[in-house]
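Below is one structure, written out as structure tokens; the observations come after it.
The values are calculated or read from the model by the stated rules, or taken from the named source; none is laboratory data. This structure is a prediction, so every number in the text was calculated from the model and none was measured. No Cβ is skipped: glycine too gets one built from the backbone with ideal geometry, and neighbour counts run over all protein chains shown.
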2 protein chains.
Amino acid sequence: MSTDLAACRTKIDALDRQLLQLMNERQRITLDVVRAKRESGLPVFDSGREDALLQKLSEINPGPMSSDGIRRIWLAIMSESRIYQALSADPSEESR
Amino acid sequence: MSTDLAACRTKIDALDRQLLQLMNERQRITLDVVRAKRESGLPVFDSGREDALLQKLSEINPGPMSSDGIRRIWLAIMSESRIYQALSADPSEESR
């Protein structure tokens with residue numbers, strides 16, 4: 001393996017570790033959002049906010065990743081948040 | 001909106017900006033990997049390395065995100081890398 005290639009892989013590994021930490025932190029805060037919404041009697045899911053987030057991320061995306069790519073990745077991230085929210089759901093939420 | 005909810009959203013917005021920067025940095029380095037592989041005459045795609053990466057991320061995942069969730073998100077990230085690599089491809093790569 002060339003030195004360049006090894007150096008690139010070391011950088012990607014470090015980035016992946018940072019991404020992993022940040023995504024888990026995002027997931028923890030997502031659960032805080034669910035709790036805060038329940039306390040305020042607000043609906044937990046808000047597709048309008050998800051759409052606005054995707055739009056904003058596309059606008060501030062510096063590249064080289066495409067905005068379509070960003071959209072696909074965040075849909076995956078937000079989908080995991082929804083799964084996590086559902087698994088952490090208060091049963092009383094079901095009837096709202 | 002409660003103060004808690006507003007604070008959580010501010011934190012998520014900040015995390016999303018960091019994630020956006022890191023993913024774009026990862027994408028840039030991915031292109032460096034492609035260049036280094038071409039210079040070394042190595043095949044660009046390496047499904048074994050992707051599998052090993054997914055396995056390692058699952059092992060070091062601190063949670064609360066599930067390992068299945070991590071796997072789904074990284075498949076989306078790596079899929080974007082492949083799209084980007086294909087768009088940036090040297091035409092001579094096609095015949096390898």
Task: Qualifying residue in region B:56-68 (condition: modelled with pLDDT of 95 or more and in contact with a Phe, Trp or Tyr (Cβ under 7 Å, 6 or more places away or on another chain)) - done: yes
Open item on the list: Would you confirm whether or not region B:14-34 contains a residue that is over 16 Å from the mean Cα position of the chain (by Cα), loosely packed, with under 15 Cβ neighbours inside 10 Å and more than 7 Å from chain A (Cβ to nearest Cβ)?
Closed with: yes
Open item on the list: Among the numbered criteria (1) over 11 Å from the mean Cα position of the chain (by Cα); (2) assigned to a helix (DSSP H, G or I), which one does B:MET78 miss?
Closed with: (1)
Open item on the list: So, in region A:79-94, exactly how many residues are buried (at least 17 other Cβ atoms within 10 Å of the Cβ) and either at pLDDT 95 or above or more than 8 Å from every other protein chain (Cβ to nearest Cβ) (or both)?
Closed with: 2
- [ ] Return yes when B:LEU22 is in a helix (DSSP H, G or I), at pLDDT 90 or above, touching a Leu at 6+ places or on another chain (Cβ under 7 Å) and more than 18 Å from A:LEU31 (Cα to Cα) and no when it is not.
- [x] yes
Task: The one condition in (1) out of contact with any helix residue (DSSP H, G or I) (no Cβ under 9 Å at 6 or more places or on another chain); (2) on the phi > 0 side of the Ramachandran plot that A:GLY48 fails to fulfil - done: (2)
Task: Residues (at pLDDT below 90 and within 18 Å of A:ARG72 (Cβ to Cβ)) located in region A:31-55 - done: A:SER47
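Looking at region A:37-57 only, could you name the residues that are part of a helix (DSSP H, G or I) and exposed (fewer than 15 other Cβ atoms within 10 Å of the Cβ)?
Result: A:GLU39, A:SER40, A:SER47, A:GLY48, A:ARG49, A:ASP51, A:ALA52, A:GLN55, A:LYS56.
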- [ ] Scan region B:62-69 and give yes if some residue there is of a type in the set (A, V, I, L, M, F, W, C), within 7 Å of another protein chain (Cβ to nearest Cβ), in a helix (DSSP H, G or I) and in contact with a helix residue (DSSP H, G or I) (Cβ under 7 Å, 6 or more places away or on another chain), otherwise no.
- [x] no
Task: Count - residues of region A:1-59 that are of a type in the set (Asp, Glu) and under 27 Å from B:ALA36 (Cβ atoms) - done: 3
